[in-house]
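Reviewing the structure listed below.
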Amino acid sequence: MPAERIPEMVSVLTMVGGRVIHGAAEHTALNPPLPPVRPSYSPLLTGANAP
């Protein structure tokens, strides 16, 4: 691959220590679950648009 094409590269699967950290395209089902929102008083949990 020519060096000028390196910025065009896109990773669809990233693994660290044998664990999937990020999956895109056909690998999205391998993504780990998101951690819970912290702290419990976060506007994401207590704001007008809270679930």
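The values are calculated or read from the model by the stated rules, or taken from the named source; none is laboratory data. In this text, all values refer to a predicted model and were calculated from it rather than measured experimentally. We place every Cβ from the backbone using ideal geometry, glycine too, and count neighbours over all the protein chains shown.
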Out of (1) in a helix (DSSP H, G or I); (2) more than 12 Å from the chain's Cα centre (by Cα), the one Ser40 does not meet is (1)
The condition from (1) part of a loop (DSSP other than H, G, I, E, B); (2) over 14 Å from the mean Cα position of the chain (by Cα); (3) surrounded by 10 or more Cβ atoms within 10 Å (Cβ to Cβ) that Pro32 misses is numbered (2)
Tell me whether region 2-23 contains one or more residues that are free of Cβ contacts under 8 Å to residues at least 40 places away in the same chain and at positive phi. yes
Filter result for the condition that a residue is at pLDDT below 95, surrounded by 10 or more Cβ atoms within 10 Å (Cβ to Cβ) and either in contact with a Phe, Trp or Tyr (Cβ under 8 Å, 6 or more places away or on another chain) or among the aliphatic types (A, V, I, L, M) (or both), over Val20, Val37, Val10: Val37
Tally the residues that are in contact with a Ser or Thr (Cβ under 9 Å, 6 or more places away or on another chain) and of a type in the set (Lys, Arg), restricting the search to region 9-51. 0
